[in-house]
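Novice: Have a look at this one.
The values are calculated or read from the model by the stated rules, or taken from the named source; none is laboratory data. Keep in mind that what you see is a predicted model, and the values were worked out from it rather than measured. Glycine gets a Cβ as well: all are built from the backbone with ideal geometry, and neighbour counts include every protein chain shown.
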Amino acid sequence: MSADPPSSPALRASDADRDRIIELLRAAVADGRLDPVEFDERLDAALAARTIDALAPLVADLVAAPGDGALTLPSARPSAEPPVELLTIKARHGSVRREGRWTLPHRLALRTVWCDVMLDLTSAVRSAPELVIELRVSGGNVELILAPGMVVDANDLSVRHSTLAISKDAGDDTPETLPVHLVGRMRHARLATRWQTPGTPKNPDTPVSGP
């Protein structure tokens, strides 16, 4: 009798796979299908999961076949694209907007002179476990729209003749899912952060607010 063929190794989970599961868990809390204690337990398990097989049971009772009116788990597969290491945005005397579904790099270099900049991260695809925003900004306004779970660290940001309106987090005890580090320098500019749940309508003409 021939020996059984070796089983295939378990498929490793990517950061994007874990993020999809966490978004499903958040939605389940919002509509009352999970209580906060269950959410915390499953969140810890999702963050610690190393394989797709470890992630799937965390939402098995929360998803259904398409058309059933419940959330459907996106197919879990390795990303076809490698993580984005660096994205550089340069502009002078104009405006810059990034919103919708765009890929967040590990490092985002912002090089602007007297520009109005709006970076909406709420629906962006994460490609790294953290986001480092390297600012070299002279004049103008910078607004960061963040999703709950993003935590801001601006300790390494140098400012001169500038105004900052930065909160560390959303203030609602949402577990941290993405650290955002602000580094570099700002001169004669304003920077503000605000948190918004993905998919919530926003006013595109809302100006950057000062303190």
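Novice: If a residue must be modelled with pLDDT under 85, small (Gly, Ala, Ser) and in a helix (DSSP H, G or I), how many such residues does the range 30-69 contain?
Specialist: Count: 1.
Novice: Mind checking which pairs have a first residue in the range 25-43 that is assigned by TED's automatic domain parsing to the domain that holds residue 55 and a second that is among the basic types (Lys, Arg), Cβ under 8 Å, 6 or more apart or different chains?
Specialist: Within 8 Å, the pairs are 25/42; 34/42; 39/26.
Novice: Related question: Given the residues 141, 203, which is the only one that is modelled with pLDDT under 90 and farther than 25 Å from residue 41 by Cα?
Specialist: Numbers: 141 fails: modelled with pLDDT under 90.
When all the criteria are applied, what remains is 203.
Novice: Tally up the residues in the range 120-137 that are touching a Lys or Arg at 6+ places or on another chain (Cβ under 9 Å) and among the hydroxyl-bearing types (Ser, Thr, Tyr), please.
Specialist: Filtering the range 120-137 down to residues touching a Lys or Arg at 6+ places or on another chain (Cβ under 9 Å) leaves 120-125, 128, 131-137.
When the remaining residues are screened for being among the hydroxyl-bearing types (Ser, Thr, Tyr), the result is 122-123.
So the count comes out to 2.
Novice: Same structure, new question: If I filter the range 120-136 down to residues being free of Cβ contacts under 8 Å to residues at least 60 places away in the same chain and more than 19 Å from residue 187 (Cβ to Cβ), which single residue comes out as surrounded by the fewest Cβ atoms within 10 Å (Cβ to Cβ)? Walk me through how you get there before you give the answer.
Specialist: We begin by selecting, within the range 120-136, every residue free of Cβ contacts under 8 Å to residues at least 60 places away in the same chain; these are 121, 124, 130-136.
Narrowing further to those that are more than 19 Å from residue 187 (Cβ to Cβ): 121, 124, 130-132.
Values: 121: 22, 124: 22, 130: 14, 131: 22, 132: 19.
It comes out as 130.
Novice: Every residue in the range 81-111 that is touching a residue at least 24 places away in the same chain (Cβ under 8 Å) and polar (S, T, N, Q), please.
Specialist: 103
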